[in-house]
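Following: one structure in structure tokens, then a few remarks.
The values are calculated or read from the model by the stated rules, or taken from the named source; none is laboratory data. Computed from a predicted model, the values in this text were never measured in an experiment. Every residue, glycine as well, gets a Cβ built from its backbone with ideal geometry; the counts of neighbours run over all protein chains shown.
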Amino acid sequence: MTSATPDGPARLPARGTPVDDLLAHIDAAREGDLDWKGGKAFSLVYNSGDEEHERLLHAVADRYLHENALNPFRYPSLLQMELDLVAIAGDLFHTGDDCGAVTAGGSISIFCAVQVVREHARKEMGIAEPEVVAPITAHPAFAKACDLLDIGLRTVPVEADGRVDPARMAEAITDRTAVLVASAANYPFGVIDPVPEVAALAAERGLLCHVDACLGGFFLPFWERLGHEVTPWDFRVEGVTSLSADIHKYGYAFKGASMVMYRSRDLLRNQHFWYDAWPGGMYASSTPAGTRPAPPIAGAWAALHHLGEEGFLRLTKQVEEGNDAFRAAIAACDGAVVTPEPDIAVFQLTTPGRSHDAVGDRMDARGWNLDRQQGGLHVMLSPYHVQVAERFGEDLAASVAEVPVTDDAPTESTVSTYGGIAE
Ligand SMILES: *Cc1c(COP(=O)(O)O)cnc(C)c1O
């Protein structure tokens, strides 16, 4: 096999390799990959734990392997699925049935929304060089989009509870500001920003307001129905003009499916690209992609239809049970604290007085895979995690006990200096 070897970089092999040999090679190579099925993985995979659901996703991907959503009119079945996804998301988030698009992921949805902001600012607001104002906890996709689209980004520190203070957002507004961003929920701490206040501020100043619900979009509607208090965050909040929501997270589809939604089709139109100066014919696209793989679209459609409201409630209930069990296990563990208090089953685990990096290393040695943040370890729970909560608690207690208390490790939440901008 000609993968990179000590002899040098990979080269296209002179002769082909038989299928079975290749599969054997891949299977052996995959042994070093993250094992997401055992419940010791977080954030990269959202494990529904539902084998029927898994079977469906595989079957659908197989059927659409070679279809190309570049030209949806050649694939009426795929076009209908995409229209359905937009209508379902419109209904779930309370905007129109035709006010959004399916994209390949959260970062692309955010890119689309920021591009729409730029176009809208130039055409309707008279701002040639628009800027985005976002909490420091907003996903790096905003910084990336601003960088790629060559527009400015002003970040605002968050408070000790992990949420942005709308008064600080107000202070950051300049005559170039075109949009205010809020997260529902944010990734680092799993807390929902005060969307109603941020959106009201945006409306009052004549600005756009984007809610990043990549994480919460397909979770919060069901979490709320289980009785949790959820800050209003969708288009029912006046002033919210666009929203991103990933189906490949708590929508339980495989990777490559997200929604970007707008309050109106007029806003959405800024996202569309038309080009008629090409000898290859009229070219149009609704997202930055040209050729678009069909499996993520079909997989997302199938996932939502297989689960339905009932399935989402069932899986969200399992996340809730796992969350209760994890929180109890952490509370019982001396030296580990969840901070700040999250709104969902995503949170930061801190180890006051001890290096959380070192605790993370001890957890790694026990097979866990917790991401390191500036102020702690990151935990994100899927339905499957309920089955490993007890083990997590035991391993966490053992890991914490192995790490010495040191003077230079932070003793409290480091939220307010997160990003280093709090004044
Ligand atoms: C995951 C995530 C994103 C980015 O989504 P990708 O699918 O990884 O590109 C953006 N915002 C939040 C809050 C997220 O959790």
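Miscellaneous remarks
- Subset of region 297-324 (residues that are under 20 Å from Phe189 (Cβ atoms) and not β-branched (Val, Ile, Thr)): Glu320, Gly322, Asn323, Asp324
- Restricting attention to region 251-269 and to residues that are surrounded by fewer than 19 Cβ atoms within 10 Å (Cβ to Cβ) and away from the ligand (no atom under 16 Å from the Cβ), the residue that is farthest from the chain's Cα centre (by Cα) turns out to be Asp266.
- Residue that is at pLDDT below 95, crowded, with 17+ Cβ neighbours inside 10 Å, out of contact with any Lys or Arg (no Cβ under 9 Å at 6 or more places or on another chain) and not in a loop (DSSP other than H, G, I, E, B), where the choices are Val359, Val386: Val386
- Restricting attention to region 232-250, the residues that are surrounded by fewer than 24 Cβ atoms within 10 Å (Cβ to Cβ) and within 15 Å of the ligand (Cβ to nearest atom) total 2.
- Close Cβ contacts (under 6 Å, 6 or more residues apart or on different chains) running from residues in region 104-121 that are more than 15 Å from Gly152 (Cα to Cα) to residues that are among the charged types (D, E, K, R) and near the ligand (Cβ under 7 Å from one of its atoms) comprise Gly106/Asp246.
- All conditions but one from (1) buried (at least 24 other Cβ atoms within 10 Å of the Cβ); (2) more than 17 Å from Ala213 (Cα to Cα) apply to Gly162; the one that does not is (2).
- Total residues in region 124-139, condition in contact (Cβ under 8 Å) with a residue 40 or more places away in the chain, farther than 19 Å from Pro188 by Cα and either within 16 Å of the ligand (Cβ to nearest atom) or not in a strand (DSSP E or B) (or both): 5
- Residue count, region 57-109 (criterion: assigned to a loop (DSSP other than H, G, I, E, B), touching a strand residue (DSSP E or B) at 6+ places or on another chain (Cβ under 6 Å) and among the small types (Gly, Ala, Ser)): 1
- Residue in region 51-60 that is at pLDDT 95 or above and of a type in the set (Val, Ile, Thr) present: yes
- Just so you know, in region 211-231 the residues that are in a helix (DSSP H, G or I) and in contact (Cβ under 8 Å) with a residue 12 or more places away in the chain include one that is nearest to the ligand (Cβ to nearest atom), and it is Leu220.
- Looking across region 140-185, the residues that are assigned to a loop (DSSP other than H, G, I, E, B) and in contact with a Leu (Cβ under 7 Å, 6 or more places away or on another chain) come down to Ala184, Ala185.
- Selection from region 300-326 of residues that are of a type outside the set (A, V, I, L, M), within 14 Å of Phe218 (Cβ to Cβ) and surrounded by 17 or more Cβ atoms within 10 Å (Cβ to Cβ): Trp301, His306, Gly311, Phe312, Thr316
- Residues being touching a residue at least 60 places away in the same chain (Cβ under 8 Å), more than 29 Å from Gly308 (Cβ to Cβ) and surrounded by fewer than 24 Cβ atoms within 10 Å (Cβ to Cβ) - total across region 173-206: 1
- In region 87-107, the residues that are β-branched (Val, Ile, Thr) and either buried (at least 22 other Cβ atoms within 10 Å of the Cβ) or in contact with a Ser or Thr (Cβ under 6 Å, 6 or more places away or on another chain) (or both): Thr95, Val102, Thr103
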